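Chemist: Let me begin by handing over the structure; questions about it come next.
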Amino acid sequence: MFEAIRKWKRERVLKSAAIPDALWNEALASLPFLSIYGQEDVARLRDMVVLFLDAKTIVGAQEHEVTPLQRVIIAIQACVLVLNLDLAWYDGWESVVVYPGEFIPSWEWEDEAGVVHRHNEAMAGEAMLRGPVVLSWPDVEASANWEEAGMNLVIHEFAHKLDMASGDANGCPPLPSDMSLKEWRATMTEAYDDFCARVDRDEETAIDPYASETPGEFFAVLSEVFFAEPALLQDEYPAVYELFVRFYRQDPGAAATNS
Ligand SMILES: [Zn+2]
């Protein structure tokens with residue numbers, strides 16, 4: 001019964017909120033790392049993007065006007081992560097907030113002495129637990145060119161969202177039943193410790209040293225690399241790459257060599 005209603009609703013949204021071809025093609029063309037996906041995957045991605053945009057609101061902050069193209073560009077990259085999982089991974093929160101540039105988050109926290117602190121460093125993006133994903137548009141735009149930017153902001157923040165589905169951004173998202181938590185932790189910890197040691201030695205790393213901040217950042221940064229430059233992750237941390245293939249149920253590296 002519920003399944004039938006869900007299916008009916010899905011079909012209705014896909015029809016009523018369809019993305020015009022020209023807009024879809026323009027958005028896709030601006031994200032070259034997606035060229036590894038075949039027709040069938042791209043069609044599934046497009047359906048998912050329509051459903052994502054129906055479920056979430058994407059709003060501008062500080063007078064930033066979110067254009068239809070920007071909406072689709074953000075949604076495509078959010079959906080790539082869950083293309084072979086389920087959109088339900090993004091349940092439990094509602095909006096994406098887009099700033100015209102880096103922003104200073106509004107949250108405050110109280111230390112043990114009861115002193116209230118404000119975060120006063122500008123950020124390019126933020127994923128809030130059970131709250132919105134916040135993005136700086138220029139950084140989303142720059143991310144389209146991995147060669148130059150070496151980052152993908154949308155993938156980064158949405159990887160945090162997957163991670164937070166376990167209750168906290170600790171580098172360990174909820175795993176499917178065919179994956180072992182023990183193996184996940186062992187593989188990720190070994191790679192993380194190695195990476196942190198390299199950063200501590202001031203070694204120049206092809207992976208953004210920001211990944212050494214916390215296990216949560218390590219997962220988010222390595223997820224960016226997995227999708228945007230899979231060969232780099234295969235080279236640097238092959239065991240993590242294999243783990244991600246099983247978690248995301250995708251093999252972008254194999255797809256890249258075949259295309
Ligand atoms: Zn992060």
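Chemist: Restricting attention to region 135-163, report how many residues are among the aliphatic types (A, V, I, L, M) and over 12 Å from the mean Cα position of the chain (by Cα). I'd like the intermediate steps shown before the answer.
Modeler: Of the residues in region 135-163, the ones among the aliphatic types (A, V, I, L, M) are 135, 140, 142, 144, 149, 151, 153-155, 159, 162.
Remaining after also requiring over 12 Å from the mean Cα position of the chain (by Cα): 142, 144, 149.
Number satisfying all stated conditions: 3.
Chemist: Any idea which residue in region 26-83 is surrounded by the fewest Cβ atoms within 10 Å (Cβ to Cβ), counting only those that are among the charged types (D, E, K, R) and part of a loop (DSSP other than H, G, I, E, B)?
Modeler: Quick first cut of region 26-83, residues among the charged types (D, E, K, R) only: 26, 40-41, 44, 46-47, 54, 56, 63, 65, 71.
With the extra rule that they be part of a loop (DSSP other than H, G, I, E, B), the set shrinks to 56, 63, 65.
Details: LYS56: 20, GLU63: 7, GLU65: 9.
So the residue we want is GLU63.
Chemist: Continuing with the same structure: Considering (1) more than 30 Å from ALA206 (Cβ to Cβ); (2) open to solvent by 60 Å² or more (accessible area, probe 1.4 Å); (3) not in a loop (DSSP other than H, G, I, E, B), say which one GLY92 fails and leave the rest.
Modeler: Single failed check for GLY92: (3).
Chemist: Scanning for something within 21 Å of LEU53 (Cβ to Cβ), surrounded by 20 or more Cβ atoms within 10 Å (Cβ to Cβ) and touching an Asp or Glu at 6+ places or on another chain (Cβ under 7 Å), does region 105-124 turn up at least one residue? Give the derivation first.
Modeler: Keep residues of region 105-124 that are within 21 Å of LEU53 (Cβ to Cβ), which gives none.
No, region 105-124 contains no residue that is within 21 Å of LEU53 (Cβ to Cβ), surrounded by 20 or more Cβ atoms within 10 Å (Cβ to Cβ) and touching an Asp or Glu at 6+ places or on another chain (Cβ under 7 Å).
Chemist: Oh, and also: Quick one: ASP139 ticks every box in (1) within 16 Å of the ligand (Cβ to nearest atom); (2) out of contact with any Leu (no Cβ under 6 Å at 6 or more places or on another chain) except a single one, so which number is it?
Modeler: So ASP139 meets the others, but not (2).
Chemist: Still on this structure, please answer the following. Just checking, does region 98-117 include any residue being among the acidic types (Asp, Glu) and touching a Lys or Arg at 6+ places or on another chain (Cβ under 6 Å)? Before you say what the answer is, go through the steps one by one.
Modeler: Looking only at region 98-117, we keep the residues that are among the acidic types (Asp, Glu), and these are 102, 108, 110-112.
Keeping just the survivors that are touching a Lys or Arg at 6+ places or on another chain (Cβ under 6 Å) gives 108.
The answer is yes; a qualifying residue exists.
Chemist: Which condition number does MET151 fail, the rest of (1) within 15 Å of the ligand (Cβ to nearest atom); (2) assigned to a helix (DSSP H, G or I) being met?
Modeler: Result: MET151 fails condition (2) only.
Chemist: Then there is this: If a residue must be surrounded by fewer than 16 Cβ atoms within 10 Å (Cβ to Cβ), of a type in the set (A, V, I, L, M) and more than 13 Å from GLU224 (Cα to Cα), how many such residues does region 195-213 contain?
Modeler: The qualifying residues number 1.
Chemist: (1) within 16 Å of the ligand (Cβ to nearest atom); (2) of a type outside the set (Val, Ile, Thr); (3) farther than 25 Å from ASP139 by Cβ: which one isn't true of LEU222, the others all being true?
Modeler: Failed condition: (3).
Chemist: Return only the number of the condition from (1) in a loop (DSSP other than H, G, I, E, B); (2) among the aliphatic types (A, V, I, L, M); (3) within 12 Å of the ligand (Cβ to nearest atom) that LEU175 does not satisfy.
Modeler: In the conditions (1) in a loop (DSSP other than H, G, I, E, B); (2) among the aliphatic types (A, V, I, L, M); (3) within 12 Å of the ligand (Cβ to nearest atom), LEU175 misses (3) alone.
Chemist: With the requirement that a residue be small (Gly, Ala, Ser), over 23 Å from ASN145 (Cβ atoms) and open to solvent by less than 10 Å² (accessible area, probe 1.4 Å), what does region 214-245 give you?
Modeler: GLY216
The values are calculated or read from the model by the stated rules, or taken from the named source; none is laboratory data. Keep in mind that this is a model prediction, so the values were computed, not measured. Please note: Cβ atoms are built from the backbone with ideal geometry, for glycine as well, and neighbour counts cover all protein chains shown. All accessible areas refer to the heavy atoms of the entire protein, side chains included, with ligands and DNA or RNA removed. Shrake-Rupley method; radii C 1.70, N 1.55, O 1.52, S 1.80 Å.
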